[in-house]
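Enquirer: Before I ask anything, here is the structure I am working with.
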Amino acid sequence: MTPLVNPAAEPVVLAFPFRGACRVQNSPANRVPSHGTDALGSSYAIDLVPVDERGRSAPRTWRGLLSHQPPEVFIGFGRPILAPVSGRVEAVHDAEPDHEGRRSQLALVPYMLGQARRARRGPVELAGSHVVIAHGAAGPFPLLAHRQRGSVQRQPGEWVSDTGSALPARGRGIGVVEGTVSEVLINDDQLTGVQMDDGHVIPRDALFVPPRFVPNNDLLVGLGCDLDEPGWVVTGANGATSVAGVWVAGNLANPRAQVITAAGEGSAAAIAINADLVDEDVSHAVRDYNRHGILP
Ligand SMILES: Cc1cc2nc3c(=O)[nH]c(=O)nc-3n(C[C@H](O)[C@H](O)[C@H](O)COP(=O)(O)OP(=O)(O)OC[C@H]3O[C@@H](n4cnc5c(N)ncnc54)[C@H](O)[C@@H]3O)c2cc1C
C-alpha cells in the first residue's frame, strides 16, 4: 500500500504534545513506515515515551522484568497531553480502558500474538482512546493515540491551539483560536459571534479589533528618507532622518509614541534643528570671513 502523502504540501511543524523529557521510538526519522506498515495511516506514527531524568519510563522492579505492570507506575500516566498543532477537534474517543504496561519481553509475546486480531477490529482497537485534530479543512489530521481514559477535555468542533504559539496566552488562562475571520455575525443589531473562513462559528457577545498603524509618510518617502522593513522612517539621534536637514518626531516615525513622548521627541528635534542652523550660520560666517574678511 502506498502512503497517502502529498509531496507538494507544506511541511507542518508539530509542537511536543507534553512537557518534560521523553524517549522517541519507532520514528519516521529512522524509517518509513515507522511501525512496519502503512495501514491505518500509521506510516509516519511516532511513539513518545515520557521518561524521568534517568531515562526510565517507570521504576525498575522484578515485576517489570517478568510481567505486565499497572499503568499508574509509568511516569507519563496522567501527564497532560497538549495539542501539537492548532486546529479543530475532528474526533474524540475517550472510553477505551487503560491497558497494562508491557516492558517485559515475556509480557509482550501474548500482546503481539493478539495484534492481528486487534487490527481486524479497526483503528479504535489499535489507537485506544484518541483525539484527531484537523489542522486545516483538508488536513493534515494528526491523531493522538493511547490517551488515558476519560482525560480528553475537548469535544469535536472545538478549537485547540498548539503549545508553542499559544503558550503566553495559555499561561494567563486565555484560549487562542488561530485562523481567519471571514464574517462578523450580527443578529437584531447584536453581535452573536464570528465565523471563521472554514465555516466554524465562535459565539461571542463582544469583539475588540487591534489597530494597525500605518505611517502617513508620503512626503518623507518623496524626499528620499530611508525606511525600515514595515515602512517607518529610520531616525538617528534626536529624530534626524537619512536626508540632511529633515527631522521627524512623534507618531510619524514612532508608532508607540504617546502625547508626552511625541512632544518630547519634538522638543529634542527642535533643539537639534536649532543647533544645526547655528552650525550652518557659523560655517557660512567662517567661509565669508576667509573669502572677503567680512566680520558679522
Ligand atoms: C484613539 C487614540 C487614543 C489615544 N490616547 C492617548 C492617551 O490617552 N494618552 C496619550 O498620551 N496619547 C494617546 N494617544 C496617542 C496620541 O494621540 C499620539 O501619541 C499623539 O497625538 C502623537 O502626536 P503627533 O504630533 O506625533 O501626531 P498627530 O497628533 O497625529 O499629529 C499629526 C498632524 O499632522 C497632520 N498631517 C498629517 N499628514 C499631513 C500632511 N501631509 N500635511 C499636513 N499635515 C498633515 C495631521 O492631520 C495631524 O494633525 C492616542 C491615540 C489614539 C489614536
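Enquirer: Alpha carbons only, please: Rg and Dmax for the chain, in angstrom.
Expert: Using the Cα atoms of the chain, the pair Rg, Dmax is 31.8, 110 Å.
Enquirer: Sticking to Cα atoms, compute the Rg of region 218-292 to one decimal and its Dmax as the biggest Cα-Cα distance, whole number, in Å.
Expert: 15.1, 51
Enquirer: If packing is taken as the average count of other Cβ atoms within 10 Å, what order do 209-216, 188-195 fall into, highest mean first? Don't skip to the answer; put the middle values down first.
Expert: Working: 209-216: 9.0, 188-195: 12.0.
Per-residue mean Cβ counts within 10 Å order the peptides as 188-195, 209-216.
Enquirer: Angle between the Cα long axis of helix 259-292 and the longest principal axis of the chain, 0 to 90 degrees, nearest 10?
Expert: That helix lies at roughly 40 degrees to the long axis.
Enquirer: Next question, about the same structure. Measuring from label point to label point, each 7 Å out along Cα→Cβ, what is the Ser242 to Leu106 span in nm?
Expert: Placing both labels 7 Å along Cα→Cβ, they lie 7.6 nm apart.
Enquirer: Still on this structure, please answer the following. What percent does the relative contact order of the chain come to when contacts are Cα pairs within less than 8 Å and at least six residues apart?
Expert: Values: 410 pairs, mean separation 30.8, N = 296.
Computed over the chain, the figure is 10 percent.
Enquirer: May I pose another question? Restricting the calculation to Cα positions, tell me the Rg (one decimal) and the Dmax (whole number) of region 30-95 in Å.
Expert: 15.7, 44
Enquirer: Now, a different point. What FRET efficiency would be calculated for the residue pair Leu40, Ser67, taking the C-beta separation as r and a Förster radius of 22 Å, to the nearest 0.05? Don't skip to the end; give the middle numbers.
Expert: On the way: r = 29 Å, r/R0 = 1.31.
Efficiency for this residue pair is about 0.15.
Enquirer: Need the full-extension length gain, Val181 to Val278, defined as separation in residues times 0.36 nm minus the C-alpha distance. One decimal, nm. If you can, show how the numbers build up before the last one.
Expert: Working: separation 97, 0.36 × 97 = 34.92 nm, distance 5.55 nm.
Going from the current span to full extension adds 29.4 nm.
Enquirer: Then there is this: Output the peptides 17-25, 131-139, 79-87, 224-232 sorted from most to least packed, where packing is the average of other Cβ atoms within 10 Å over each peptide's residues. Let's see the in-between values first.
Expert: Values: 17-25: 14.1, 131-139: 18.0, 79-87: 19.6, 224-232: 12.2.
Output ranking for 17-25, 131-139, 79-87, 224-232: 79-87, 131-139, 17-25, 224-232.
Enquirer: Whole number please: convex hull volume per residue of the Cα set in region 22-171, in Å³? Provide the component values of the computation, followed by the final result.
Expert: Numbers: hull volume 20.9 nm³, N = 150.
Output value, Cα hull per residue: 139 Å³.
Enquirer: With θ set to phi - 60° and the Karplus curve 6.51 cos²θ - 1.76 cosθ + 1.60, what are the ³J(HN,Hα) couplings of region 245-252 in order, to the nearest whole Hz, using x for Gly and Pro?
Expert: Per residue, the Karplus-derived 3J(HN,Hα) values read x, 10, 10, 9, 8, x, 5, 4 Hz.
Readers should treat all values here as calculations from the given coordinates under stated rules, not as data from a laboratory. Quick caveat: nothing in here was measured; it's all calculated off a predicted structure. Every residue, glycine as well, gets a Cβ built from its backbone with ideal geometry; the counts of neighbours run over all protein chains shown.
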